[in-house]
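Engineer: Supplied in structure tokens, the structure appears directly below.
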Amino acid sequence: MSLDDATISNNATSSDFTLLEGLYQLAVTGHTDDWEFERLNNAVYERLLSSYNSVDMGMHAVANPQSMMD
């Protein structure tokens with residue numbers, strides 16, 4: 001195993017950088033079908049979702065400036 005299980009778990013001690021670096025290394029080496037890539041990918045995705053869910057999701061007007069002119 002190339003990464004420590006503690007690094008790829010969802011616990012708060014894993015830094016975002018470590019998760020992204022691990023995901024990047026596995027992608028570069030072509031190990032995207034491995035269970036390790038799947039766990040890292042899920043951990044990164046869950047952190048992204050939790051980050052965006054904590055932000056006000058009223059960004060539709062910003063994403064569509066035309067709607068602000070109506």
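Engineer: So in segment 34-48, with the set limited to residues that are more than 8 Å from the chain's Cα centre (by Cα) and farther than 11 Å from residue 23 by Cβ, which one is surrounded by the fewest Cβ atoms within 10 Å (Cβ to Cβ)?
Structural biologist: Selected residue: 35.
Engineer: Would you confirm whether or not segment 10-24 contains a residue that is touching a helix residue (DSSP H, G or I) at 6+ places or on another chain (Cβ under 9 Å), modelled with pLDDT under 55 and part of a helix (DSSP H, G or I)?
Structural biologist: The answer is no, given that none of the residues of segment 10-24 is touching a helix residue (DSSP H, G or I) at 6+ places or on another chain (Cβ under 9 Å), modelled with pLDDT under 55 and part of a helix (DSSP H, G or I).
Engineer: What are the residues in segment 18-41 that are acidic (Asp, Glu) and in contact (Cβ under 8 Å) with a residue 12 or more places away in the chain, if any?
Structural biologist: The answer is 36, and nothing else.
The values are calculated or read from the model by the stated rules, or taken from the named source; none is laboratory data. The shown structure was predicted, so the numbers you read here are calculated from the model rather than taken from an experiment. When we count neighbours, we look across all protein chains shown, and the Cβ atoms used for this are built from the backbone with ideal geometry, even at glycine.
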